[in-house]
Every structure is written in structure tokens, then in C-alpha cells.
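Step one of this worksheet: look at the structure below.
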């Protein structure tokens, strides 16, 4: 006998949480630690909304600046380039340079060394960053 996937799916749709959705206004964002010249403002985090398995932030890199080289110990990241253009350095010694621009998506595996660089002399580089953990653990890279 074939399982009734549609019926099971419909039944699971009727189960819901009593928790309500939350809106975080632009003036309520959580200031996070900076990495080099990059600043991050969280909109979805454990501290702001009680998130247990997700994190969402806006990272901004001023013109002709970059984040410090780093990796995330405990999470993957998905990044959307919302404004500007630059270079995304990656690889064991940051030897791979990937061109990025508004509209691009970037996947960063857990532990992958990276450094976003804003190549523009006039425009900010803005990145929307999502992670699969509410609190990240970042390790800065020191090549010495």
C-alpha cells in the first residue's frame, strides 16, 4: 500500500505554534562586533527574537576597505550581495579571489577562511548574511 503523503502533509499543516511572528524595526537592530572595517547589524538573532537555529544580519564595508580574514567555527553562511561590488578572498591562504557584485549569492562552508573586500572607492559594499546558528563563533586568521 502506498503511503498517503498528501494526507500526512495536510495533517502536519494543521499543527502550529502559539508563538507569534516578530518584526524587528530598522532602529532596533543589534550592533555586533566588527571584523576589520566591516560592521554588522543583526535583525534576527537569539538576543533580539530568541532565535534558536538562524541568524540574519546586514554587513557593511566602507569604500576601499575589507573585513579581517576569518572563519566561522560553528556555522555555514549564506550571503547576498545587496549593494556594491568587490572581491571575496577565500582558500587556505586566501589565494582565491572571486569577483562579487550586487545580486550575487555566496555560500561559505563552516570553517572556510574568507575575507570580503570592497573594491569601490565611492560606494559601500552591503551584504545580507544568514547563518544556521543564532550565535556564531568567529576566529580571526593570523598568517604569522
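The values are calculated or read from the model by the stated rules, or taken from the named source; none is laboratory data. Since this is a predicted model, take the numbers as computed values, not measurements. FYI the Cβ positions are ideal-geometry reconstructions off the backbone, even for glycines, and counts take in every protein chain you see.
Any chance segment 115-124 includes a residue that's under 22 Å from residue 30 (Cα atoms) and either in a loop (DSSP other than H, G, I, E, B) or free of Cβ contacts under 8 Å to residues at least 40 places away in the same chain (or both)?
yes
Is at least one residue of segment 125-137 surrounded by fewer than 13 Cβ atoms within 10 Å (Cβ to Cβ) and modelled with pLDDT of 95 or more?
no
Out of all the residues in segment 92-106, is one or more under 11 Å from the mean Cα position of the chain (by Cα) and not in a loop (DSSP other than H, G, I, E, B)?
The answer is yes; a qualifying residue exists.
State whether the residues of segment 24-46 include one that is modelled with pLDDT of 95 or more, farther than 30 Å from residue 119 by Cβ and part of a loop (DSSP other than H, G, I, E, B).
Yes, segment 24-46 has at least one match.
Go through 64, 59, 102 for me and flag whichever is out of contact with any helix residue (DSSP H, G or I) (no Cβ under 6 Å at 6 or more places or on another chain), exposed (fewer than 15 other Cβ atoms within 10 Å of the Cβ) and within 24 Å of residue 143 (Cβ to Cβ).
On inspection, the qualifying residue turns out to be 64.
With the checklist (1) surrounded by fewer than 16 Cβ atoms within 10 Å (Cβ to Cβ); (2) more than 15 Å from the chain's Cα centre (by Cα); (3) at pLDDT 95 or above in hand, flag the one item residue 80 doesn't pass.
(2)
What are the residue pairs meeting all of these: first residue in segment 14-29, first residue in contact (Cβ under 8 Å) with a residue 12 or more places away in the chain, second residue surrounded by 10 or more Cβ atoms within 10 Å (Cβ to Cβ) and outside any helix (DSSP H, G or I), Cβ atoms under 8 Å, and 6 or more apart or on different chains?
24/43; 24/44; 29/41; 29/42; 29/43; 29/58
Conditions (1) at pLDDT below 90; (2) surrounded by fewer than 16 Cβ atoms within 10 Å (Cβ to Cβ); (3) part of a helix (DSSP H, G or I), marked per residue:
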position	(1), (2), (3)
6	yes, yes, yes
15	yes, yes, no
18	yes, yes, no
52	no, yes, no
89	no, no, no
